[in-house]
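Asks: Let me begin by handing over the structure; questions about it come next.
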Amino acid sequence: MKKLLFTLSAFFVLATSLAQTQTEEELKAQIAPKKDSIAAIQGRVNALQAQLDALPGWKIGAFGTIGGNFSNFDNWYAQGIPNNSSGNIGFTVNAYANLQEEKFFWRNAATVNLAWVKLDDKDDPTDDDSFRQATDVFNISSLYGRKLSEKFAISTLAEYRTTLLSNFNDPGYLDLGIGATWTPITDLVVVIHPLNYNFVFSSEDTIFESSLGAKIVADYTKKIGAVNFKSNLSLFQSYESGDLSNWTWTNSFGYTLWKMIGVGFDFGLRNNKQETLNYVVNNAPTPDPNATFDTIDNKLQTYWTLGLSYKF
């Protein structure tokens, strides 16, 4: 009797295992064509969205990233400052308003990236326990183009960039120029303006200088389902001196996880020799009033922000 029960139990376990394996294989076999169907549906949705984006009229939108954290330590002797409170807060907003018509277009964009940090040493009553400005980026641009064809246009561009939290418009940069714009696809705009004047506003007129040069801008803004992406390269090449040239490349990525909330990541790169020299001469911990463009170490400027994103 025991042998019979053991045999029946073993048979039952084996049959259950085979049935489960078969069911798992059947389910996997059913998933593959459904994935293909989802990809096909998404492809049709993307094609329809591209047609909508190409229709005449205004297209307005915005997305952003919010990041922050706070901490507090009491008697945490393993670190150099055992009693402290710290935190950082930052946000980025990318907004656009684009008008597309049969014979012309008008594209407007704005980017704001601000952040604050603090570190309060509770054992030092003289330290600064307030939030201090860390990241400060402000950029607006307006591009108007008269179409020669579907992909090429004669255009004029106005672009202004500065800081908001401190030293507003000191320095500030205003580019005004004319040339051509190429739009190979709906979401990519390439501006080439060989005639552009770079106005520089600053109280430090011995370092900052306006000049004539060429302006190149490449902007790619795309929305695919839950993903928002924007990449912008703005470059000015001075005809007078390479020391007066500058470029900035910013990128923003947002992925919606639930309703309007998601994850956002922003990073930017900049090269500006005038800003570097101004920092070395006036703002460095040990200023060097004798520094020149030839003696400074013009390091690449960078920033990044990672945090929650909100889809406007």
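Asks: Starting from segment 129-149, keep only residues that are within 15 Å of LYS215 (Cβ to Cβ), then list their pairs with residues that are among the basic types (Lys, Arg) whose Cβ atoms are within a distance under 7 Å, requiring at least 6 positions of separation or different chains.
Replies: Hits for this filter: ASN139/ARG161; LEU143/ARG107.
Asks: Does SER241 satisfy the condition of being among the hydroxyl-bearing types (Ser, Thr, Tyr), under 27 Å from the mean Cα position of the chain (by Cα) and more than 23 Å from THR181 (Cα to Cα)?
Replies: Taking the combined requirement at face value, the residue does not satisfy it.
Asks: Among the residues of segment 61-78, write down those that are in a strand (DSSP E or B) and either under 27 Å from GLN133 (Cα atoms) or outside the structural domain of THR186 (by TED's automatic domain parsing) (or both).
Replies: At the first step, the residues of segment 61-78 found to be in a strand (DSSP E or B) are 61-73.
Of everything in segment 61-78, those that are in a strand (DSSP E or B) and either under 27 Å from GLN133 (Cα atoms) or outside the structural domain of THR186 (by TED's automatic domain parsing) (or both) turn out to be ALA62, PHE63, GLY64, THR65, ILE66, GLY67, GLY68, ASN69, PHE70, SER71, ASN72, PHE73.
Asks: A further question on this structure: In this structure, does LYS259 turn out to be in the same structural domain as ILE185 (by TED's automatic domain parsing) and at positive phi?
Replies: yes
Asks: Tell me whether segment 75-89 contains one or more residues that are buried (at least 17 other Cβ atoms within 10 Å of the Cβ), in contact with a Lys or Arg (Cβ under 9 Å, 6 or more places away or on another chain) and under 30 Å from ASP187 (Cβ atoms).
Replies: Checked against the condition, which is being buried (at least 17 other Cβ atoms within 10 Å of the Cβ), in contact with a Lys or Arg (Cβ under 9 Å, 6 or more places away or on another chain) and under 30 Å from ASP187 (Cβ atoms), segment 75-89 yields no hits at all.
Asks: Starting from residues that are over 21 Å from the mean Cα position of the chain (by Cα) and surrounded by fewer than 18 Cβ atoms within 10 Å (Cβ to Cβ), keep the ones in segment 180-197 and report whichever is modelled with the lowest pLDDT.
Replies: Only one residue fits best here, namely PRO184.
Asks: Residues of segment 125-160 being within 30 Å of THR206 (Cβ to Cβ), modelled with pLDDT of 95 or more and surrounded by fewer than 19 Cβ atoms within 10 Å (Cβ to Cβ), which ones?
Replies: Of everything in segment 125-160, those that are within 30 Å of THR206 (Cβ to Cβ), modelled with pLDDT of 95 or more and surrounded by fewer than 19 Cβ atoms within 10 Å (Cβ to Cβ) turn out to be ILE140, ALA158, TYR160.
Asks: Being in a strand (DSSP E or B), within 30 Å of ALA158 (Cα to Cα) and assigned by TED's automatic domain parsing to the domain that holds LYS223, is that true of even one residue in segment 79-90?
Replies: Looking through segment 79-90, at least one residue is in a strand (DSSP E or B), within 30 Å of ALA158 (Cα to Cα) and assigned by TED's automatic domain parsing to the domain that holds LYS223.
Asks: Can you tell me how many residues within segment 201-215 are crowded, with 19+ Cβ neighbours inside 10 Å and among the β-branched types (Val, Ile, Thr)?
Replies: 1
Asks: Go through segment 285-303 and give me each residue that's without any contact (Cβ under 8 Å) to a residue 40 or more places away in the chain and surrounded by 12 or more Cβ atoms within 10 Å (Cβ to Cβ).
Replies: Within segment 285-303, PRO287, ASP288, ALA291, THR292, ILE296, ASN298, GLN301 qualify.
Asks: Continuing with the same structure: Write out, first by first residue and then by second, each pair whose Cβ atoms fall under 6 Å of each other, whose residues are 6+ apart or on separate chains, and whose first residue, in segment 55-80, is among the polar types (S, T, N, Q) while the second is in a loop (DSSP other than H, G, I, E, B).
Replies: The qualifying pairs are ASN75/PRO82.
Asks: Still on this model: Might you let me know whether segment 162-174 holds any residue that is within 30 Å of LEU212 (Cβ to Cβ), in a strand (DSSP E or B) and in contact (Cβ under 8 Å) with a residue 60 or more places away in the chain?
Replies: For segment 162-174, residues within 30 Å of LEU212 (Cβ to Cβ), in a strand (DSSP E or B) and in contact (Cβ under 8 Å) with a residue 60 or more places away in the chain: present.
Asks: How many residues does segment 225-283 hold that are assigned to a loop (DSSP other than H, G, I, E, B) and either surrounded by 15 or more Cβ atoms within 10 Å (Cβ to Cβ) or in contact (Cβ under 8 Å) with a residue 12 or more places away in the chain (or both)?
Replies: Residues flagged as assigned to a loop (DSSP other than H, G, I, E, B) and either surrounded by 15 or more Cβ atoms within 10 Å (Cβ to Cβ) or in contact (Cβ under 8 Å) with a residue 12 or more places away in the chain (or both) within segment 225-283 amount to 7.
Asks: Would you check if LYS222 is charged (D, E, K, R), part of a strand (DSSP E or B) and either assigned by TED's automatic domain parsing to the domain that holds PRO194 or in contact with a helix residue (DSSP H, G or I) (Cβ under 9 Å, 6 or more places away or on another chain) (or both)?
Replies: Considered against the rule, which asks whether it is charged (D, E, K, R), part of a strand (DSSP E or B) and either assigned by TED's automatic domain parsing to the domain that holds PRO194 or in contact with a helix residue (DSSP H, G or I) (Cβ under 9 Å, 6 or more places away or on another chain) (or both), LYS222 comes out as yes.
Asks: Please determine, by comparing only the residues of segment 46-62 that are surrounded by 14 or more Cβ atoms within 10 Å (Cβ to Cβ) and modelled with pLDDT of 80 or more, which one is nearest to ASN84 (Cα to Cα).
Replies: ALA62
Asks: Scan segment 91-131 for residues that are within 22 Å of VAL191 (Cβ to Cβ), in a loop (DSSP other than H, G, I, E, B) and not acidic (Asp, Glu) and jot them down.
Replies: Within segment 91-131, just LYS103 meets the criteria.
The values are calculated or read from the model by the stated rules, or taken from the named source; none is laboratory data. The structure displayed is predicted, hence computed values, not measured ones. Here the Cβ is made from the backbone with ideal geometry for all residues, glycine too, and neighbour counts use every protein chain on show.
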